[in-house]
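S.K.: First the structure, then my questions, so here it is.
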Amino acid sequence: MDTKSVERASHPVPVTDPGVDQKQVEERREIVKAIKAINATELFGENYELTFVLDRDTHRPLLRIIDRQTREVIRQLPPEYTLRLAEQIGLA
């Protein structure tokens, strides 16, 4: 039985987004490396990690410290109330 075609299909295929240039891709890689380095130092404690996400409503970047075990958000910048205020006054 030939499984080579199936094996090749299981590897992720790199997808290039025409809207993202190589400089942006490299910047994102550098950010990911920096976050991994920060988390490796356990700067926020051994049970917490730093994450970056985009807010679904405002599309603004969020910095979060989360509990590694429960995935609970311990701290977020900017805080949720600030995001909602920006939405209400039309800044989002």
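The numbers here are math on the coordinates, done by the rules we state, and not lab data. Here the structure is a predicted model, which is why all the values come from computation and not from measurement. For neighbour counting, all protein chains shown are included, and Cβ atoms are generated from backbone atoms with ideal geometry for every residue, glycine included.
S.K.: Taking N as the number of residues in region 21-88, what is its Cα Rg relative to 2.2 N^0.38 Å? Please list the in-between numbers first.
M.R.: Numbers: Rg = 13.7 Å, N = 68, 2.2 N^0.38 = 10.9 Å.
After normalising by residue count via 2.2 N^0.38 Å, the value is 1.25.
S.K.: Sticking with this structure for a sec: At R0 = 22 Å, how high is the FRET efficiency between residue 68 and residue 34 if r is their beta carbon distance? Nearest 0.05 is fine. Can you show the working numbers first?
M.R.: Working: r = 18 Å, r/R0 = 0.83.
E between residue 68 and residue 34, to the nearest 0.05, is 0.75.
S.K.: Right, next: With the crude spin-label approximation of a point 7 Å out along Cα→Cβ, what separation in nm comes out for residue 56 versus residue 24?
M.R.: 2.3
S.K.: Continuing with the same structure: Tell me, what ³J(HN,Hα) does each residue in region 38-51 have, in order and in whole Hz, if you take phi through Karplus 6.51 cos²θ - 1.76 cosθ + 1.60 with θ = phi - 60° and put x for Gly and Pro?
M.R.: Computed from phi, the couplings for region 38-51 are 4, 5, 5, 7, 6, 4, 9, x, 6, 9, 10, 9, 8, 9 Hz.
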